[in-house]
Amino acid sequence: MIHFTKLHGNGNDFILVDEFNEVIIPEKEKAAFVAKYCDRRFGIGGDGVLFLGKSDKADIRMRIFNSDGTEAEMCGNGVRCLVKYAFDEGYIKGNSMVETLAGVLPVECRIEDKTWVKVNMGRPQFSRENLPAKGTGEFIDVALHGYKVSVVNTGVPHAVIFTASLDDRELMLIAPKIRYDPIFPKGTNVNFVRVDSHDEMTIHTYERGVEAETLSCGTGSVACAAVARKLGKTGKSVKVNTKGGVLMITLAEDAAFMEGTADRVFDGTIS
């Protein structure tokens with residue numbers, strides 16, 4: 001019997017497998033397990049799978065696999081869900097460190113009406129070598145497929161497009177072209193952004209690996225806030241509205257902070 005926990009951060013939902021004390025899914029079987037059980041009709045359903053493990057450099061370790069079985073470097077909503085579970089199970093206290101493929105992230109967990117998790121997402125990277133993207137210099141307001149596109153790495157690469165109106169049909173038409181453009185060796189996520197005021201914006205995100213729009217994206221929210229501030233469209237603190245809920249993003253000189261809720265939906269077993 002394989003025990004799992006279903007969680008979500010603003011509707012971005014995940015299956016979590018607790019491997020803190022022992023490996024549950026062998027390494028060579030992880031990708032197939034993820035692809036099978038993320039299926040929303042023939043499996044449990046989820047945007048990805050989180051594997052919680054021990055770390056020799058932090059309090060806990062997160063591995064995140066997209067629903068297509070590919071492993072991602074980081075996931076903002078995913079790390080909040082992982083921290084929520086680890087806090088519930090007593091693996092961590094209020095303040096702790098999480099190891100990811102994008103580095104070790106400091107996190108704070110507090111309980112109010114819900115579980116709130118604040119994550120130090122590190123410093124957004126704009127240079128092409130860190131995105132990665134072909135060419136040199138920053139990838140800001142570059143003409144691509146008929147749009148002005150800016151790209152930043154906030155744990156994973158994100159393309160940001162500012163628009164006056166958010167049209168999901170347009171997103172699904174254009175996003176795959178940008179996501180798979182050969183200028184991005186590892187691909188990129190794609191965000192359409194409407195700036196509502198100097199301290200608020202609304203975003204829709206097409207996620208690499210899910211290959212569809214998700215209800216929310218933590219790294220995407222940080223990316224949109226970072227690009228907007230760089231272009232002078234917003235300030236240091238931004239309320240980001242996603243389809244699944246609100247995230248609060250604060251930009252410091254050397255780091256970006258993301259804060260939002262995480263919810264434990266149900267626990268189950270696979271026989």
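Some values worked out for this structure:
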item: Selected residue [crowded, with 16+ Cβ neighbours inside 10 Å, over 21 Å from the mean Cα position of the chain (by Cα) and either of a type in the set (A, V, I, L, M) or not in a strand (DSSP E or B) (or both)] from ILE64, ILE25, ILE15; result: ILE25
item: From the options ALA262, ALA223, residue that is buried (at least 24 other Cβ atoms within 10 Å of the Cβ) and either of a type in the set (Ser, Thr, Tyr) or under 20 Å from CYS38 (Cα atoms) (or both); result: ALA262
item: For ILE92: the one exception among (1) within 14 Å of the chain's Cα centre (by Cα); (2) within 18 Å of ASN21 (Cα to Cα); result: (1)
item: Residues that are of a type outside the set (Lys, Arg), part of a loop (DSSP other than H, G, I, E, B) and touching a residue at least 60 places away in the same chain (Cβ under 8 Å), drawn from the range 113-147; result: MET121, GLY122, PRO124, PHE126, ILE140, ASP141
item: Unmet requirement for LEU105, which otherwise passes all of (1) modelled with pLDDT of 95 or more; (2) within 20 Å of PHE266 (Cβ to Cβ); (3) of a type outside the set (D, E, K, R); result: (2)
item: Sole exception among (1) within 11 Å of PHE192 (Cβ to Cβ); (2) at pLDDT 95 or above; (3) not in a strand (DSSP E or B) for ALA159, by number; result: (3)
item: Qualifying residue in the range 104-112 (condition: assigned to a strand (DSSP E or B) and on the phi > 0 side of the Ramachandran plot); result: no
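Residue-by-condition table, conditions (1) crowded, with 24+ Cβ neighbours inside 10 Å; (2) modelled with pLDDT of 95 or more; (3) closer than 22 Å to ALA262 by Cβ:
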residue	(1), (2), (3)
VAL190	yes, yes, no
ASP196	no, yes, no
THR202	no, yes, yes
GLU213	no, yes, yes
THR219	yes, yes, yes
LEU231	no, yes, no
LYS236	no, yes, no
LYS243	no, yes, yes
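The values are calculated or read from the model by the stated rules, or taken from the named source; none is laboratory data. Predicted, not measured: the structure shown is a model, and the values here were computed from it. Positions of Cβ are backbone-derived with ideal geometry, glycine not excepted, and every protein chain shown enters the neighbour counts.
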